[in-house]
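The next block holds one structure in the form of structure tokens; read it before the comments.
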Amino acid sequence: MTPLPRWADVVLLPLLNVVLAFLVGGLIVLAVGQNPLQAVGIMLYGAFGYGSGFGYTLYYTTDFIFAGLAVSLAYHAGLFNIGPEGQAYVGGLGVILIGLALNGTHWAIVFPLMIICGGAFGALWAFVPGYLQAKRGSHVVITTILFNFIATSMMGFLISRVLKPAGVNSDESAPLEAITRVPQLRTFIELFKNSPVNLTFFLAIIALVFIYWLIWRTKFGYAVRALGQNPVAANYAGISNQKMIMIVMAMSGVLAAMVAVNNVGGVQGRLILNFVNGAGFVGIAVAFMGRGHPVGVGLSALLFGILYQGGQELAFQMPGITREMIVTIQALVILFTGAMGDMLRAPLARLLTRSEPATGAK
Amino acid sequence: MESYLVDITLILDSTVRLAVPLILACLAGLYSERAGIVDIGLEGKLLAGAFAAAAMSAVTGSAWLGLLAGIGAALIFSGIHGLASINFKGNQTISGVALNFLAAGLTTFLGQSWFKRGGYTPQLSGDQRFNPITLPFANELREVPVIGQIYYELISGHNIITYVAFIAVPVTAWVLFRTRFGLRLRAVGENPKAIDTAGISVTRLRYQALIITAVLVGIGGAYLSIAQSAGFNNNMSAGRGYIALAALIFAKWRPGPALLVCLMFGFLDAVQFRIQGQVFPIIGEVPVQAIQALPYILTVILLAGFIGRAVAPKASGIPYTKER
């Protein structure tokens with residue numbers, strides 16, 4: 001089969017897949033008797049039209065960048081980490097523990113410690129499946145799914161039985177004091193009104209740049225990609241596959257845990273049940289849509305941020321549409337960009353080579 | 001003494017009830033994984049089946065049509081999975097994950113659009129559900145101590161799907177290990193090239209496996225919404241598809257052990273309700289969450305190779321490409 005020209009492979013094909021996913025999504029909306037174009041209009045207004053809406057969009061984007069990077073980094077090493085949801089949840093434990101231990105201390109000191117401590121907990125939760133994959137050969141896909149469930153039970157127990165202060169009815173930890181919380185951007189920029197976007201957003205941007213540098217500009221990143229493309233060759237070249245798998249999984253867990261810094265440290269200021277709320281799973285869609293490249297991940301995270309915030313608005317304005325439509329879109333994106341990503345490759349190659357007779361002359 | 005017996009019978013009775021969807025989903029997964037197709041999407045199919053069954057039953061008033069709709073929904077999902085993983089040779093895990101989200105999103109979305117009850121389908125009653133069947137002589141034998149009681153409580157009084165699930169286990173064992181189709185199915189999961197060389201279509205065999213998978217898991221979904229409960233509610237599969245997957249690994253892809261593991265996981269589920277808040281001698285109070293997590297923890301330990309070794313069918317997860 002003729003390979004696609006680079007620009008078509010990198011830009012056109014992914015774009016077509018995304019368009020396809022949204023077209024099918026639009027058809028579903030149409031099928032239940034709603035106007036998909038009107039829906040898109042409302043969503044865009046909800047996501048950008050006013051200050052706090054925009055702030056919420058960026059808040060969601062922050063979560064999705066971290067989760068998307070977590071899935072991407074592992075995927076570059078050939079590992080499908082389905083566990084950012086659980087890793088972020090357990091990361092929340094690290095964030096709240098350090099936060100409560102230093103409650104009342106200025107955020108400038110606590111924020112970096114939250115990153116380290118939360119990251120360590122998330123890393124641990126991803127390291128174990130990594131270790132089991134590397135040393136015992138149990139598949140990381142299955143173990144990360146199982147670890148999501150184990151995290152739900154474990155955290156449920158810890159929050160409702162251990163962290164819950166006496167005399168509180170709802171299942172949540174004690175709150176952090178205002179000065180300890182990661183400051184929200186509205187304290188500096190009035191535009192964001194009462195939206196929860198906080199300093200963690202900039203951490204997400206830094207993470208994007210860092211992961212780009214790590215994967216494409218360092219020896220370590222080269223080893224990661226070698227492992228992902230051809231583990232046998234990587235091993236032959238002297239890379240310890242086992243060690244790499246464990247390190248990459250742990251790093252993936254650190255990235256996932258930053259979702260907890262955003263939510264526990266910056267938004268709720270306490271540990272509540274199921275605070276991750278699916279953000280870890282959105283990361284899977286974001287990673288595939290963005291093809292694991294930080295630029296793509298950033299853009300797809302923004303798109304999903306728009307979908308989530310806009311979807312909120314949509315549920316308000318069009319009673320026939322619930323927020324779950326967004327989950328459907330998310331599924332279609334994973335399906336078309338991830339599982340069926342090469343469906344259009346052959347027809348596209350035929351189409352492009354026909355218009356360039358020079359390459360088809362052989 | 002007498003009350004202990006009643007207690008145990010009741011726990012075993014709910015064990016059976018809770019194990020049924022697991023058994024069906026687990027056998028479903030067994031067919032597709034034996035044929036070399038990884039099915040992370042069991043959860044989604046279970047959910048889609050449950051929704052379609054409840055919706056159809058609510059509209060037509062017939063549980064049987066509901067069951068058909070449940071199977072139909074699972075078939076559509078299986079079809080997408082087959083298209084992605086057999087025809088387009090895509091990543092089966094990703095396709096399964098996508099299907100799980102698709103089911104979660106679509107069932108709530110369509111449920112709200114069609115029934116406007118916050119994702120719930122209308123309450124079902126009478127012929128809209130599969131009701132308990134009283135086996136012959138159950139009432140007569142009820143007074144007979146122990147055996148009569150067990151027969152009345154445990155064996156009689158379930159709905160038809162429960163019996164189907166239990167019959168499906170020996171049938172699956174027979175199909176898999178005693179028929180030509182079963183031999184080919186196992187072969188295509190271990191070494192599709194051999195099957196291809198023998199002049200048998202890999203694609204066709206794998207689609208056949210996916211169809212059986214869909215039928216079984218569709219029945220499992222219908223069980224959830226129109227047999228066990230009286231209607232669909234949001235995310236009612238609640239991870240059972242994943243537990244079934246864990247059970248499948250635990251059973252090392254064999255039907256007999258699959259039944260036992262599903263019953264064990266069902267038992268854990270049943271016990272969980274009973275021990276809430278109870279204090280035991282020596283160990284004290286057992287947190288519910290510990291029991292909830294137990295099936296997953298056990299599976300992790302098994303996967304790590306500390307209690308036996310779980311080896312998947314060799315070609316599992318790998319799309320088959322014919323040589324040119």
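Bear in mind that the values in this text are calculations on the coordinates, not laboratory data. As the structure is a computational prediction, the values presented were derived from the model and not from experiment. Every residue, glycine as well, gets a Cβ built from its backbone with ideal geometry; the counts of neighbours run over all protein chains shown.
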Cβ neighbours within 10 Å from other chains - mean over B:107-119: 4
Local electrostatic count at B:F101 - Lys and Arg +1, Asp and Glu -1, tallied over other residues with Cβ under 11 Å: -2
Averaged over A:156-162, number of beta-carbon atoms from partner chains that fall within 10 Å: 3
FRET efficiency, B:W64 to A:F316 (Cβ-Cβ, R0 25 Å, nearest 0.05): 0.05
Two-site label geometry, A:K243 and B:I155: point separation in nm, points 7 Å out along Cα→Cβ: 6.3
Total formal charge among the other residues, if their Cβ is under 15 angstrom from that of A:M114, Lys/Arg +1 and Asp/Glu -1: +1
Fully extended contour minus Cα-Cα distance, from B:F280 to B:V175, at 0.36 nm per residue: 33.3 nm
Relative contact order (percent, whole number), chain A, Cα cutoff 8 Å, 6+ residue spacing: 34
Linear extension gain, A:R6 paired with A:F210, 0.36 nm per residue minus alpha-carbon span: 71.0 nm
Simple label model, 7 Å out from Cα along Cβ direction - B:Y163 to A:V32, nm: 3.9
Residue-averaged [θ]222 nm for the protein assembly as shown, counting only DSSP H segments that reach four residues, each worth -39500 (n - 2.57): -21500 deg cm²/dmol
Alpha-carbon centroids, region A:80-135 and region A:51-66: separation in whole Å: 21
Fraction of the pair-distance distribution of the protein assembly as shown above 49 Å, Cα-Cα pairs, percent: 14
Between region B:1-76 and region B:225-249, the Cα center-to-center distance that results, in Å: 6
Inter-part distance where region B:164-219 and region B:101-149 are each reduced to a Cα centre, Å: 30
Listed pairs A:K243/B:K89; A:K135/A:K219; B:K193/B:K314; B:K45/B:K314; B:K89/B:K193; A:K164/A:K193 exceeding 21 Å between Cα atoms: A:K243/B:K89; A:K135/A:K219; B:K45/B:K314; A:K164/A:K193
B:K252-A:H106 pseudo-label distance in nm [points 7 Å out on the Cα-to-Cβ vector]: 6.3
Charge sum, other residues only, whose C-beta stays under 14 Å from A:V286's C-beta, Lys/Arg counted +1 and Asp/Glu -1: -1
Ratio of the Cα radius of gyration of chain B to 2.2 N^0.38 Å, where N counts its residues: 1.03
Average other protein chain Cβ within 10 Å of Cβ, residues A:127-140: 3
Chain B, relative contact order [Cα under 8 Å, separation at least 6], %: 34
